[in-house]
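Enquirer: First the structure, then my questions, so here it is.
What follows draws every value from the coordinates through simple rules; no lab data is involved. Keep in mind that what you see is a predicted model, and the values were worked out from it rather than measured. Positions of Cβ are backbone-derived with ideal geometry, glycine not excepted, and every protein chain shown enters the neighbour counts.
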Amino acid sequence: MSNKQRFLTGPTMHHVLVMTLTGSLGLVFMFLVDVATLFWVSVLDQERLMAALGFAWTVQFFTISVGIGFIIATTAQVSRSVGQGNIELAKKQTVSAVIYAVAIQLVLAVLVVVYRREILAFAGAEGETLDLAAMFLSITIPSLPVFVIGMVGSAVLRSVGDAIRSMSVTLVAGLIAVVVDPLLIFGFDLGLEGAAWGVVISRGGSALLSIWFVVRVHHMFARISLAELGAMFRPYLMIAAPAVLTQLSTPFGNYLLTKVIAGYGDAAVAGWAVISRVAVLAFGGIFSLSGAIGSIIGQNYGAGQMDRVRQTFKDALLFCLIYTLIAWALLAAFHRPIAELFGLGDEATEVFSAFMVVAAGGYIFSGFLFVSNAAFNNLGRPLYSTACNWFRDGILIYPCAIAMGIAMGAPGVVYGQAIAASLAGTVAVIWAWMFVKKLANSAAESSNA
């Protein structure tokens, strides 16, 4: 057995914990940098700057989600090939994934830069807030092709079971930003523009480190001909296209929520901007869960070990429940000091507290949805993930946010998001469990025949 086939033996909960916690450490640190950036900007004491960041991050969420779709496709293909013992194919899949991802992100970057003002205006940005958000995007969006190299590299490292180096790829991006953000924002007096350039520099560092680990440490690189590149595109696209559609649902839902909450003014948007950063920081373990267990499921599925696939699914759900309850309790306990740290006014604090005390509990069901997505994506049914996510973000979120907003004002929008997540997460986890159980039973019957 190759040393890259690490998930085929040993307790599945151990693998879930190691991969998720290391993945979340890198992810949380990267999100911590976003929170720090928001804090540095808040020190400038201009609420419109925080609102501009909120709008810009909403648009960036779309572009990053496309990259996450490439991560899912890369993990599904490479981990399955590793599980089958076909390392040479896994190397070629790695190279082809990078080429596809960079090319598509380049096209996306051009489109967003050209139409950034129209996109921001549709989200509800106007006046100077729109100008500031457009400036931020004009600097950060062109670095998307570089950013996706780091993302795909991290996925490959997870696929071969290298949790530490996968974590380091995102960790180093955060470390770079910690150093350069305050230097650019205050040292060079660049303000919001400095925050944007900090994003670009950190993405470059992440990409360079991932290339080093993938190529020089794991040797997951092989020459690939144009014919092979063309032949691999369709299988990759069959996973990547629905995975991207699945991931786009979340920023679409967030876009709708931002548009709804923008109707309550810049103060509400500022509160929403802080919520978005604190949420990803507090629930980094949940956000990393899908990518972390995808490699475990993929290797065992490739090796035909469906009993371990089913146990991995159960272990991930248990981890999700415990993690979320702990994070929710901490957010509720410290919501006032955090609001004061960011200098939020009364209206922004009301919106912020609605999430911290009540709506954060909805992440239990968001986590269930992420685990279900990992199962569907790595077991050959990525369109099932697409259906579950768009049920939440395309069907449920907007009417829930509007209805709760009418009933309770700006905080009601936050409650509406939690209600939508709870309904969609329940449906997804039931469907995914039935699917995994069916595959496991079919595999058992085939082995007994």
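Enquirer: For the range 187-258, which semi-axes, largest first and in whole Å, follow from the square roots of 5 times the eigenvalues of its Cα gyration tensor? Don't skip to the end; give the middle numbers.
Expert: Numbers: eigenvalues 205, 125, 19 Å².
Each semi-axis is √(5λ); the values are 32, 25, 10 Å.
Enquirer: Here's something else I'd like to know. Placing +1 at every Lys and Arg Cβ and -1 at every Asp and Glu Cβ, with all other atoms neutral, what dipole size does the range 287-383 have around its Cα centre, in debye to the nearest 20? Working shown, then result.
Expert: Working: 5 positive and 6 negative charges, 119 e Å.
It comes to approximately 580 debye.
Enquirer: Sticking with this one: Starting from 0.36 nm per residue, how many nanometres of slack lie between residue 259 and residue 403 once their C-alpha separation is accounted for?
Expert: Details: separation 144, 0.36 × 144 = 51.84 nm, distance 1.43 nm.
50.4 nm is the gain from fully extending residue 259 to residue 403.
Enquirer: Here's another thing I want to ask about it. Taking other Cβ within 10 Å of each residue's Cβ, how do 426, 258, 74 sort, fewest first?
Expert: In order of increasing Cβ crowding within 10 Å: 426, 258, 74.
Enquirer: Then there's this: Using only the Cα atoms of the range 136-288, what do you get for the radius of gyration and for Dmax, in Å?
Expert: 18.4, 55
Enquirer: Right, here's the next one. What value does the range 292-381 have for Rg/Rh, both radii from Cα atoms and Rh as Kirkwood defines it?
Expert: Details: Rg = 17.9 Å, Rh = 15.0 Å.
My calculation puts Rg/Rh at 1.19.
Enquirer: At 0.36 nm per residue, minus the direct Cα-Cα distance, what do residue 383 and residue 357 gain on full extension? Give it in nm, one decimal, please.
Expert: Values: separation 26, 0.36 × 26 = 9.36 nm, distance 3.41 nm.
Using 0.36 nm per residue and subtracting the Cα-Cα distance, I get 5.9 nm.
Enquirer: If you only keep lysine pairs separated by 8 or more in sequence, or across chains, how many in the chain come under 20 Å at the Cα atoms? List each step's numbers first, then the result.
Expert: Numbers: 4/91; 4/92; 314/437; 314/438.
Lysine pairs, 8 or more places apart or on different chains, close enough: 4.
Enquirer: Can you order the peptides 366-373, 248-255 by their average number of other Cβ atoms within 10 Å per residue, highest first? If you can, show how the numbers build up before the last one.
Expert: Values: 366-373: 27.0, 248-255: 22.1.
Peptide ranking by packing, descending: 366-373, 248-255.
Enquirer: Please give the Cα centre distance for the range 390-449 versus the range 308-365, rounded to the nearest Å.
Expert: 18 Å
Enquirer: Moving to a separate point now. Contour minus end-to-end for residue 215 and residue 138, with contour as 0.36 nm per residue of separation and end-to-end as the Cα-Cα distance? Working shown, then result.
Expert: Numbers: separation 77, 0.36 × 77 = 27.72 nm, distance 3.14 nm.
Length gained between residue 215 and residue 138: 24.6 nm.
Enquirer: Indicate the gyration tensor shape class of the range 119-226 (rounded, prolate or oblate), computed on the Cα atoms with a ≥ b ≥ c the square roots of the eigenvalues: a/c under 1.5 is rounded; otherwise a/b larger than b/c is prolate and the rest oblate.
Expert: Numbers: a/c = 2.95, a/b = 1.87, b/c = 1.58.
Judged from the Cα gyration tensor, the range 119-226 comes out prolate (a/c at least 1.5, a/b above b/c).
Enquirer: As a footprinting exposure proxy, order 118, 126 by other Cβ within 10 Å, with the fewest listed first. Don't skip to the end; give the middle numbers.
Expert: Values: 118 10, 126 13.
Lowest count first: 118, 126.
Enquirer: Right, another one. On alpha carbon coordinates alone, what is the Rg over Rh value for the range 84-165, Rh being the Kirkwood radius? Could you put the intermediate results ahead of the total?
Expert: Details: Rg = 17.5 Å, Rh = 14.9 Å.
Radius of gyration over Kirkwood radius for the range 84-165 works out to 1.18.
Enquirer: D for the range 224-366, whole µm²/s, Stokes-Einstein with Kirkwood Rh over alpha-carbon pairs at 37 °C and 0.692 mPa s: what number? Please list the in-between numbers first.
Expert: Numbers: Rh = 18.0 Å.
Using the Kirkwood radius from Cα pairs, D works out to 183 µm²/s.
Enquirer: Still on this structure, please answer the following. Among the trypsin sites (Lys or Arg not before Pro) in the range 280-372, which ones are in a DSSP loop with at most 11 other Cβ atoms within 10 Å of the Cβ? Mind listing them? Don't jump to the answer; show the numbers that get you there.
Expert: Details: sites: 308, 310, 314; in loops: none.
Nothing satisfies the criteria.
Enquirer: Further, regarding this structure: Rounded to the nearest 500, what is the 222 nm mean residue ellipticity of the chain from helices alone, with -39500 (n - 2.57) per DSSP H run of 4+ residues and division by all residues?
Expert: Values: 18 runs with 371 residues, N = 449.
Here the helix-only value at 222 nm equals -28500 deg cm²/dmol.
Enquirer: Need one number: convex hull volume per residue for the range 353-437, Cα atoms only, in Å³. Kindly include the intermediate steps, with their values, before the conclusion.
Expert: Details: hull volume 5.8 nm³, N = 85.
Normalising the Cα hull of the range 353-437 by residue number yields 68 Å³.
Enquirer: Return the Rg/Rh value of the chain, two decimal places, where both radii are evaluated on C-alpha atoms and Rh is the Kirkwood radius. Kindly include the intermediate steps, with their values, before the conclusion.
Expert: On the way: Rg = 21.1 Å, Rh = 22.0 Å.
Checking Rg against Rh, the ratio lands at 0.96.
Enquirer: State, to one decimal in nm, how far the label point of residue 99 lies from the label point of residue 126, with both points 7 Å from Cα in the Cβ direction.
Expert: Those two pseudo-labels are separated by 4.9 nm.
Enquirer: Here is a further query. First select every other residue whose beta carbon is under 14 angstrom from the beta carbon of residue 109; then total the charges, Lys and Arg +1, Asp and Glu -1.
Expert: +2
Enquirer: What is the packing order of peptides 193-206, 212-225, taking the mean over residues of other C-beta atoms within 10 Å and listing the highest first?
Expert: Details: 193-206: 21.7, 212-225: 15.4.
In descending order of packing, they fall as 193-206, 212-225.
Enquirer: Using the number of other C-beta atoms within 10 angstrom as an exposure proxy, rank 9, 246 with the fewest first. Mind showing how you got there, number by number?
Expert: Numbers: 9 11, 246 27.
Final ranking by Cβ density, sparse to dense: 9, 246.
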